[in-house]
Amino acid sequence: MKKALIIGAAGFVGSYLIHQLKDVDGYQVAVTKMPHETIPGEGFEVYDLNILEKGQIEELLAGLRPDCIFHLAAQSSVFVSWKNPGLTIDVNIKGSVNVLDAIRALDYKPRVLLIGSGEEYGHVRGGEVPITEENAVRPGNIYAATKVCQNLIGKIYTDAYQMEIMSVRAFNHIGPNQAPMFVVADFCKQVAEIEAGKQEPVIRVGNLSAKRDFTDVRDVVRAYSLLMANGKAGETYNVGSGHAVAIQEILDKVLSLSRVPIQAETDPAKLRPVDVPIIEADTSKLRACTGWERQIPLEQTLAETLDYWRERVREEA
């Protein structure tokens, strides 16, 4: 049985990837987390790891010797990257280099998947949508800039050291259990709190005109697994729905699921210093390589995310 290691599995994507690899694909799974984090579930090994400590990574890999490594550990919020660029740079660049250097020190070559972002494309120009992997990257925020750097370093390590590294540019992935610093979870949490009488019937929003490519997290982790099996070293693959949706449309769909009337008001605190107008993936390269297709419609994801937050609010009450 092949062994998969997920670095940084305590975040939103981690639990879904654990399920995909362990229960669907039949891997023996090991995961890492920070000491203060918890990862619920059973049937997989859990280790504490700080990716800013290279020695910890080397020790872990020497003992586990995984066949494949999914590098999820990141500071993944654009909003937080504006507030704390230093932390974002440390985790996303220095941490990734530590991981790759520790892998390079091994006497075998595990397959590695680096997780990047559709935000890397940044300021997309007219005629560039949908965005292919060959499109120029023009990052418009600190988070995106760090992911561009990670991607470039991954390619350099692949070529220079003959390592089996692939990269993805994952566009907006959404679903139950996502932190409310992300727009869909934020909308759903606010609606659930309004329904429960914990917030006045006004939902506070940021820029509603931006268009983003939203994909259910369960479809995203399935793409990750398929790429680990079929992807080509040194290549980058877009992972997304292939269809951009305005944040206004997301808001309208969420509000249509509400059990009470709700008004929307712009909250200046939710506006970003720079917001890219449209980001939409061309996923033909992913589909040609793996046969992946989106399976879960947006409406289902929004309904399930709202139900998740309704349950959370009930539990907290």
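The values are calculated or read from the model by the stated rules, or taken from the named source; none is laboratory data. Remember, predicted model here, so these are calculated numbers, not experimental data. Cβ: placed from backbone, ideal geometry, glycine included. Neighbour counts: every protein chain shown. For accessibility, only protein heavy atoms count, side chains too; no ligands or nucleic acids. Shrake-Rupley method; radii C 1.70, N 1.55, O 1.52, S 1.80 Å.
In table form, for the structure just shown:
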read-out	value
Contour minus Cα-Cα distance for Thr132 and Glu42 (0.36 nm per residue)	28.5 nm
Probe 1.4 Å - accessible area at Glu193, Å² to nearest ten	30 Å²
DSSP-defined antiparallel bridges as percent of all bridges, the chain, nearest 5	10 percent
Accessible heavy-atom area order of Glu119, Glu235, Glu265, highest first, probe of 1.4 Å	Glu265, Glu235, Glu119
Cross-link pairs Lys22/Lys253; Lys189/Lys270; Lys83/Lys253 - those with Cα-Cα distance over 23 Å	Lys22/Lys253; Lys83/Lys253
Region 169-183 - phi-based ³J(HN,Hα) in whole Hz, Karplus 6.51/-1.76/1.60, Gly and Pro as x	10, 7, 7, 4, 10, 9, x, x, 5, 6, 5, x, 6, 9, 4
Over the chain: helical MRE at 222 nm, DSSP H runs n ≥ 4 each giving -39500 (n - 2.57), nearest 500	-12000 deg cm²/dmol
Cβ crowding within 10 Å averaged over residues, with 36-49, 166-179 ranked highest first	166-179, 36-49
Heavy-atom accessible area order for Ser256, Ser96, largest first, 1.4 Å probe	Ser256, Ser96
Listed residues Cys188, Cys149 arranged by accessible area, highest first, probe 1.4 Å	Cys149, Cys188
Surrounding net charge for Glu249, when Lys and Arg each add one and Asp and Glu each subtract one, Cβ distance under 13 Å	0
